[in-house]
1. As a check on your grasp of the helix formula, calculate [θ] at 222 nm for the chain: sum -39500 (n - 2.57) over DSSP H runs of n ≥ 4, divide by the residue count, round to the nearest 500.
2. Please give the length that would be gained between residue 282 and residue 29 if that part of the chain were fully extended, namely 0.36 nm times their separation in residues minus their C-alpha to C-alpha distance (nm, one decimal).
3. Apply the Karplus parameterisation 6.51 cos²θ - 1.76 cosθ + 1.60, with θ equal to phi minus 60°, to every residue of segment 349-358 and state each ³J(HN,Hα) to the nearest whole Hz, in sequence, with x for glycine and proline.
4. Calculate the spin-label point distance for residue 384 paired with residue 86, positioning each point 7 Å from the Cα along the beta-carbon direction, and give it in nanometres.
5. Within 10 Å, count the other beta carbons around each residue, average over each peptide in 364-374, 188-198, and list them highest first.
6. Please sort through the DSSP H helices of the chain and keep those with an alpha-carbon extent of at least 20 Å along the long axis and a Kyte-Doolittle average not below -1.0.
7. GNM on the chain, C-alpha springs below 10 Å: top fluctuator among 290, 246, 45?
8. Hey, can you find the accessible area per residue of segment 281-384 for me, probe 1.4 Å, expressed in square angstrom?
Amino acid sequence: MPADLQIITRQGHPDFLDLPWEQPLELWSGTTDRLISVRRGLSRHVVRMVSYDGRVYALKETEQRLAEREYRVLRHLEDSRLPAVKAVGVVTGRRSRDGRDLKSMLITRFLDFALPYQHLFRTTATSLLRDRLLDAAVVLLSRLHLEGIYWGDISLANVLFRRDAGALMAYLVDAETAECRPSLSDELREHDLALGIENIAGGLYDAISEGLLEVDADPIEITDDLLDRYRWLWAELTREDDIAAHERWRIRQRIERLNAMGFDVEELSVVQSSDGSRLRIRPVVLEEGHAHLRLRRLTGLEVQENQARTLLNAVDAYGLALEREAGHVLPESVKAYRWLSERYEPVIAAIPDRYRDRLDDAQLIYEFIEHRFERSKAAGRQVENDEAMVTFVDEVLERLPRERTLIDHDGGNDPGDVLLGAPELGAPEAPTPTAGEA
């Protein structure tokens, strides 16, 4: 007896019952008005995007075993607070109207403001993009490997990027080949890297042939650079330090160095020699996101790491101004609440709705802080928020592309095509973050 259609979805998402499940996914064009065209990377499977109340979901057609396995892996990545798309559901038991069995579906939530590498290559100067792209990829790989995740299919097409206060943050978007283990051996890590370097080099050669990169760009030199950066970061995160017992202050120094790199040390192994003269210290559990964890604790805001650093600078600067006004020290929680209610929220509320699809709120605040700083420097005085907002709209927001979802507006393209048409005007490169009162 054939299985009945079964749609398993997580709470807080649509039931997807109105979609044409009896049709092969590649034939959905024209069968539902929920289908949209989104610029994305290549996929070995048929993938389509659907929209529900402004939220975009990716549907991937694959074998039931693979769909259910990838769903479990993505849930594990989410539980481990790793940067990846969120698993929403699995659809099984699909049959066509004439009784043929159809493949199962994996449903994931498409990342708002997420950009494929092709869009970044088209909108950002290569000289500025390279370091940001490599650093984002290295941090993603390091975090996965620290958590015992063997990816097995590292490639540019399987990553999306979000702007992060002058940097980029990389997100895994395809976990079909990923494996979750208690830990990874050095041999397995090196195998994962070797596969990834080959795939990334291939993607870079493709980008050159498509005119997305300069013809004199060297994919081998770029991937060698990525490998060097990964190995340096991995050593910094995992190495064991041997220190004298009377130099226990160096333990704190190691933790602070890791914090400065954006990693929070949750556990530290300290082993004392038998004669008590030496100590061996090694981080045991690390989590990337020291700044965003502090910001979340103070304000409840969920932002990315570099955005959090900028916003924490703004909290601290405004807190100092409040203390000067009050004439005494204020609790950190009070300063954070005052900044959130008196600075952050009014700025977000003042941004016209028509620009809210350009960048996420934290990135808009970052761009506003940078704009006000430049205006103040040019004017030789402190430019206040109301005055800065006028020029921010005219000089910055009008120039930003709509990046919440990169919709393709060319009706001739199939929704599943890799859409590499000329994008809207790219956002200007952001300067180095500076402290300031948002």
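The values are calculated or read from the model by the stated rules, or taken from the named source; none is laboratory data. Fair warning: this is a prediction, and the values are worked out from it, not measured in the lab. Note: ideal-geometry Cβ built from the backbone for every residue, glycine included; neighbour counts use all protein chains shown. Keep in mind that these areas ignore ligands, DNA and RNA; they rest on the heavy atoms of the full protein, side chains included. Shrake-Rupley method; radii C 1.70, N 1.55, O 1.52, S 1.80 Å.
1. Working: 12 runs with 176 residues, N = 438.
Helices in the chain give a 222 nm mean residue ellipticity of -13000 deg cm²/dmol.
2. Numbers: separation 253, 0.36 × 253 = 91.08 nm, distance 5.46 nm.
Using 0.36 nm per residue and subtracting the Cα-Cα distance, I get 85.6 nm.
3. 5, 7, 6, x, 4, 5, 9, 6, 8, 7
4. Calculated label separation equals 3.9 nm.
5. Values: 364-374: 22.0, 188-198: 17.0.
Listed from highest to lowest mean packing, they are 364-374, 188-198.
6. On the way: long enough: 64-79 (23 Å, -1.41); 126-146 (30 Å, 0.78); 186-209 (34 Å, -0.06); 219-238 (28 Å, -0.33); 305-326 (31 Å, -0.34); 361-379 (27 Å, -0.63).
In the chain, the long hydrophobic H runs are 126-146, 186-209, 219-238, 305-326, 361-379.
7. 246
8. Values: 4790 Å² over 104 residues.
Accessible area per residue, segment 281-384: 46 Å².
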